[in-house]
Amino acid sequence: MRKAISILGMMFFVVNFSLAQITIDGNPQEWTGTLPANVNSWKYSAGTAGGLNEWIWRDASGDERNDFASPNRDKRVDIMEVRISSNNTYLYFLVKMNDIDQDSMTGDGAPMVQISVDRDRNAGSGQEWLGGWADTKVDNNARWEYLIMTRFGSNNPNLRVFDANWNQSFVGDAAISATNDAIEGRVPWSSIGGAPGNATFRFTVSSYRANTSDNTWGDVDNNPNIPHALDCVTTTGLNTWDEVSDMEINFYFDIQFLNDQPLSVQTVSLSAIAGDSKVTLVWETRNEVDNAGFEILRKAENESDYKLIASYLTNDELKGLGTNAHGKRYTYVDHNVKNGIGYEYKIVAVSLSGQRQEIGTIYAKPGVEIPSKFVLYQNYPNPFNPGTEIKFDLPESGYVKLEIFNTVGERIAVLYDGYMEAGYGKTIRWDANGFPSGVYFYKLSTGKYVDVKKMVLMK
């Protein structure tokens, strides 16, 4: 039998492969990343004492369900922080609650955390219902392939992991601490589909009270239309009931990994614009974490090795933002090139601790030849995952805009918006990390020319 909570009624109130690891003991001292400044917001932070990056969510205090007769508020499951980290062996998580009391850490009424992992991020693909008879499901765009559940109700230190067919395994380990009001755990990547490499995964996080069978407490009448989730990561409303009253958690979040760690610098676009005896590199970041700056490496088409040509240590324009949720557009002009020779450029972000992250590579051939007409080429590769290059010829210098649209006509990205010199083979790269698989359209606009082409992102 599931434990009952009586209902008052519907009350409406949302980098390199690393050997570093985190000790699972319920003590958050190894999680040293900086919290977001605002509640109901997230950030990436170079983080743990072991040298791993962190994705951090700061939740609003006191937003747990308040539609129950008793208890009206349950601070034991009031989520305050969620932190996720990783190496090539484990996915780590830390969930801090408002107040976990000593008497209910384990056994009947113990706090429970469920974390769903949507690896393919395809709408309608995977399982929608959460576990333990939770009567709560995830958004259709976040249906999961794997579900992670803590087992403090039965006083077990390992985790229960389900696949989308409800096959279960008991793996990893977790710890709960009343002193630190924290739940900490790790699950082997091998039990949830394998290490992420450079992929982006989608997560939904929620909290419950558990019984001794590690199922969720329900309402007093066991009404299957009343969800059991008591708090969740969401920005909807002032109270979790606003989010889950329809039995569905619609809020989810994506974490982009680089070499199995949460990514510290996310890019939106990268372009190389060839001119007369020069190449202009333009790239835009979506956000940055502990980013000291960028290095630019180059090799000519007749060379086998890259050479460093510019660094943030000697060029202030290449200095990073440190930690910033909004990112920036960067520009670097390489004048030390010859017309008619192709050059490949590599841009590398360097963290404050010296870790290096390759942003991308791109090709350009400077020259004075001017094409006779506008041409927008098919992107390459196509289909692609996660990056592709868009090339075009410009017969006239002037204003250029390159935009990305989804299938319903919504503009989802602007890759370039500004002046560009005439020339062949203008190249702009789109990094589609964070976007789901599907058909997209890219639109090139100038003062005299507009063209649109289709491309396919296949993850």
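Annotations
- Scanning region 356-370 for residues that are open to solvent by less than 10 Å² (accessible area, probe 1.4 Å) and over 22 Å from Ala413 (Cβ atoms) yields a total of 1.
- Strands (runs of 3 or more DSSP E) (entirely within region 270-327) containing at least 3 residues that are among the β-branched types (Val, Ile, Thr) and surrounded by 15 or more Cβ atoms within 10 Å (Cβ to Cβ): 278-300
- Every residue from region 228-258 that is part of a loop (DSSP other than H, G, I, E, B), modelled with pLDDT of 85 or more and either buried (at least 19 other Cβ atoms within 10 Å of the Cβ) or not charged (D, E, K, R) (or both): His228, Ala229, Leu230, Val233, Thr234, Ser245, Met247, Asn250, Phe251, Tyr252
- Taken over region 419-459, the residue count meeting the criterion of being among the aromatic types (Phe, Trp, Tyr) and surrounded by 18 or more Cβ atoms within 10 Å (Cβ to Cβ) is 4.
- Filtered residue count, region 328-350, keeping only those that are assigned to a loop (DSSP other than H, G, I, E, B) and open to solvent by 30 Å² or more (accessible area, probe 1.4 Å): 7
- Meets criteria (under 24 Å from Thr388 (Cα atoms), open to solvent by 50 Å² or more (accessible area, probe 1.4 Å) and not in a strand (DSSP E or B)) for Ser353: no
- For region 136-164, the set of residues classified as among the polar types (S, T, N, Q) and farther than 24 Å from Asp246 by Cα consists of Thr150, Ser154, Asn155, Asn156, Asn158, listed by residue number.
- Residues in region 130-145 that are buried (at least 21 other Cβ atoms within 10 Å of the Cβ) and at positive phi: 2 in all.
- Conditions (1) surrounded by fewer than 18 Cβ atoms within 10 Å (Cβ to Cβ); (2) not in a loop (DSSP other than H, G, I, E, B): number failed by Tyr92: (1)
- Taking each residue of region 167-182 that is over 15 Å from Gly107 (Cα atoms) and looking for partners that are assigned to a strand (DSSP E or B) and among the basic types (Lys, Arg) with beta-carbon atoms closer than 7 Å, six or more apart or interchain, yields Gln168/Arg160; Phe170/Arg160; Gly172/Arg186; Asp173/Arg186; Asp181/Lys96; Ala182/Lys96.
- Test: Gly197 is modelled with pLDDT under 95, open to solvent by less than 10 Å² (accessible area, probe 1.4 Å), among the small types (Gly, Ala, Ser) and farther than 21 Å from Leu94 by Cβ: no
- Only residues that are open to solvent by 40 Å² or more (accessible area, probe 1.4 Å) and over 30 Å from the mean Cα position of the chain (by Cα) were counted across region 375-418, and they come to 4.
- With respect to being surrounded by fewer than 17 Cβ atoms within 10 Å (Cβ to Cβ), under 15 Å from Ile183 (Cβ atoms) and modelled with pLDDT of 80 or more, Asp59 falls outside the description.
- Applying the criterion of being in contact with a Lys or Arg (Cβ under 8 Å, 6 or more places away or on another chain) and not charged (D, E, K, R) to the residues of region 104-118, the residue that is surrounded by the fewest Cβ atoms within 10 Å (Cβ to Cβ) is Ser104.
- Residue within region 176-183 that is open to solvent by less than 50 Å² (accessible area, probe 1.4 Å), of a type in the set (Asp, Glu), over 18 Å from Trp133 (Cβ atoms) and in a strand (DSSP E or B) present: no
- Among (1) of a type in the set (Lys, Arg); (2) in a loop (DSSP other than H, G, I, E, B); (3) open to solvent by 10 Å² or more (accessible area, probe 1.4 Å) - the single one Arg121 does not satisfy: (3)
The values are calculated or read from the model by the stated rules, or taken from the named source; none is laboratory data. Everything quoted here is computed from the prediction, not taken from an experiment. Here Cβ is always computed from backbone atoms with ideal geometry, including for glycine, and neighbour counts include all displayed protein chains. Surface accessibility is based on the protein's heavy atoms, side chains included, excluding ligands, DNA and RNA. Shrake-Rupley method; radii C 1.70, N 1.55, O 1.52, S 1.80 Å.
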